[in-house]
Amino acid sequence: DLRTPAGRFVVKEFRYDSEDRSASLAEAAEFEYGIWQSQDLLLPEPVRAADGRLIARLPGLGGRELTVRVHRWLDGRPVPVPAAPRIAAAAGESLAAIQQAGSRLGSTPAGSLHWWGRDVRQVLDRLTDAALLRPGQAAAIGALLPRALAVVVAGERLPGRWGYTHSDHKPEN
């Protein structure tokens with residue numbers, strides 16, 4: 001949360017960024033900007049840097065560069081867990097609209113279903129810590145991970161074209 005005379009903003013750091021992802025991050029940011037401009041979905045306004053880019057690289061501590069983007073603040077409220085059916089349905093409709101918009105963006109001949117950069121068990125730990133999963137549920141899901149990963153690997157071998165999807169589902173959202 002960044003408060004300035006020009007308003008309230010959110011700065012998002014891409015902690016798991018790598019140089020080979022910078023083009024795809026910029027493309028995804030432009031896609032989101034287009035969605036915001038169309039007003040098809042309620043989104044926080046993406047803010048361009050002085051040079052016009054939506055993704056910026058800034059100097060960080062210890063000489064490490066940070067990859068960031070900025071959005072205008074959009075007030076909201078926490079969703080109760082579990083979510084009421086109407087809230088879950090509205091979230092599903094929003095995700096469907098994002099997927100439909102992404103399908104108009106075009107596709108590339110290669111892609112990956114294995115987009116995450118860390119051990120999925122860490123995600124289960126975060127979900128458990130946030131009380132979104134009970135420890136027994138996390139253990140049961142963890143036992144299924146090797147089979148699920150096999151499905152992901154098999155899916156990546158399928159012929160065909162790949163399209164952009166949002167794939168940013170996490171407790172903070």
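The values are calculated or read from the model by the stated rules, or taken from the named source; none is laboratory data. Keep in mind that this is a model prediction, so the values were computed, not measured. Positions of Cβ are backbone-derived with ideal geometry, glycine not excepted, and every protein chain shown enters the neighbour counts. Accessible surface is based on the protein model in full, side chains and every heavy atom, while ligands, DNA and RNA are left aside. Shrake-Rupley method; radii C 1.70, N 1.55, O 1.52, S 1.80 Å.
The Cα atoms of the stretch 45-95 give a gyration tensor whose axes a ≥ b ≥ c have a/c of 1.5 or more with a/b greater than b/c, which makes the shape prolate. Ranked from largest to smallest solvent-accessible area, with a 1.4 Å probe on the protein heavy atoms, Asp40, Asp119 come out as Asp40, Asp119. The simple Förster model, with R0 at 22 Å and r as the Cβ-Cβ distance, assigns Val152 and Arg126 a FRET efficiency of 0.65. Under the shape rule built on the C-alpha gyration tensor, where the axes satisfy a ≥ b ≥ c, the stretch 1-104 is prolate, since a/c reaches at least 1.5 and a/b is greater than b/c.
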